[in-house]
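Peer 1: Sharing a structure, written as structure tokens. Questions coming.
The values are calculated or read from the model by the stated rules, or taken from the named source; none is laboratory data. The model shown is predicted, which means the values in this text are computed figures rather than measured ones. Cβ sites come from the backbone with ideal geometry, for glycine too, and all protein chains shown count toward neighbours.
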Amino acid sequence: MAYKVTPTAIKEVLLLEPQVFGDDRGFFFESFNAKDFKKATGLDLEFVQDNHSKSAKNVLRGLHFQIQHPQGKLVRVAHGEVWDVAVDVRKSSPSFGQWVGELLSADNKRQLWVPPGFAHGFVVLSDTAEFLYKTTDYYYPEHERSLRWDDQALGIDWKIKDAPILAKKDRESPGLDGLEVFNGVRGG
């Protein structure tokens, strides 16, 4: 397997394009191979949890992160299309408060590496989407935080015209100025 790896505007967030083999029967690709991932990215990671969600058009999930036990996420779409966003919430980072977004779809088979210390979210652009992601740490609800999706300080272009469909916690999230930000604590 081979990945084409492209750094985004925030160099730690990486866009990965796996090698896809297709013919008139369909396609095949390795969505993850630890050895090839390390070779392509220089990151030697252990993924401990896989998650799978299905959402309808205009559902916006995020922007989520864990204040302790931060999760790195390798994300992709198995069905449909999403606009995927990562926001740097590392207090000491030169790119603190900056964001990057990428179109991920079942058709383009792209993946995004979202490092620990980044808030992550996506909005569904197709009628439905199935979103898959691997994480480098487990989910700890007591450490989860949400950053307001429409914070003017961030100015994220979510690529939708209609109001998003949000969970209560995402509607009530603080903006960057009121957020308990990630400070590099790894333990719990």
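Peer 1: Mind listing whichever residues of segment 73-91 are assigned to a loop (DSSP other than H, G, I, E, B) and crowded, with 21+ Cβ neighbours inside 10 Å?
Peer 2: If the condition is that a residue be assigned to a loop (DSSP other than H, G, I, E, B) and crowded, with 21+ Cβ neighbours inside 10 Å, then GLY80, VAL89 are the ones that fit.
Peer 1: Next up: Being among the polar types (S, T, N, Q) and modelled with pLDDT of 95 or more is the filter; apply it to segment 92-108 and report the residue that is surrounded by the most Cβ atoms within 10 Å (Cβ to Cβ).
Peer 2: The extreme case among them is SER105.
Peer 1: Whether any residue in segment 124-132 is of a type in the set (Asp, Glu), crowded, with 19+ Cβ neighbours inside 10 Å, at pLDDT 95 or above and touching a Ser or Thr at 6+ places or on another chain (Cβ under 8 Å) is what I want to check.
Peer 2: No, segment 124-132 contains no residue that is of a type in the set (Asp, Glu), crowded, with 19+ Cβ neighbours inside 10 Å, at pLDDT 95 or above and touching a Ser or Thr at 6+ places or on another chain (Cβ under 8 Å).
Peer 1: If you don't mind, there's one more thing I want to ask. Starting from segment 100-114, take each residue that is at positive phi and list its partners that are part of a loop (DSSP other than H, G, I, E, B) and surrounded by fewer than 22 Cβ atoms within 10 Å (Cβ to Cβ), counting only C-beta distances under 6 angstrom and pairs at least six apart or across chains.
Peer 2: Matching pairs, first to second residue: LYS109/VAL20.
Residue by residue, here is whether (1) in a loop (DSSP other than H, G, I, E, B); (2) more than 17 Å from ASP50 (Cα to Cα); (3) of a type outside the set (Ser, Thr, Tyr) holds:
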residue	(1), (2), (3)
LEU63	no, yes, yes
LYS134	no, no, yes
ARG145	no, yes, yes
ARG148	yes, yes, yes
ILE156	yes, yes, yes
LYS169	no, yes, yes
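Peer 1: Please name all residue pairs, on different chains or six or more residues apart, with Cβ atoms under 6 Å, provided the first residue is in segment 1-14 and is small (Gly, Ala, Ser) and the second residue is surrounded by 12 or more Cβ atoms within 10 Å (Cβ to Cβ) and modelled with pLDDT of 95 or more.
Peer 2: So the pair list comes out as ALA9/VAL100.
Peer 1: Can you work out which of the residues in segment 144-160 that are closer than 27 Å to ARG76 by Cβ and either at pLDDT below 95 or small (Gly, Ala, Ser) (or both) is surrounded by the fewest Cβ atoms within 10 Å (Cβ to Cβ)?
Peer 2: Filtering segment 144-160 for residues that are closer than 27 Å to ARG76 by Cβ and either at pLDDT below 95 or small (Gly, Ala, Ser) (or both), the one surrounded by the fewest Cβ atoms within 10 Å (Cβ to Cβ) comes out as GLY155.
Peer 1: Give the residue, chosen from PRO18, PRO7, PRO94, PRO116, that is in contact with a Ser or Thr (Cβ under 7 Å, 6 or more places away or on another chain) and either hydroxyl-bearing (Ser, Thr, Tyr) or farther than 26 Å from ARG171 by Cα (or both).
Peer 2: That would be PRO18, the only listed residue that is in contact with a Ser or Thr (Cβ under 7 Å, 6 or more places away or on another chain) and either hydroxyl-bearing (Ser, Thr, Tyr) or farther than 26 Å from ARG171 by Cα (or both).
Peer 1: How about segment 17-31: which of its residues are touching a Lys or Arg at 6+ places or on another chain (Cβ under 7 Å) and either in a strand (DSSP E or B) or modelled with pLDDT of 90 or more (or both)?
Peer 2: GLU17, PRO18, listed by residue number.
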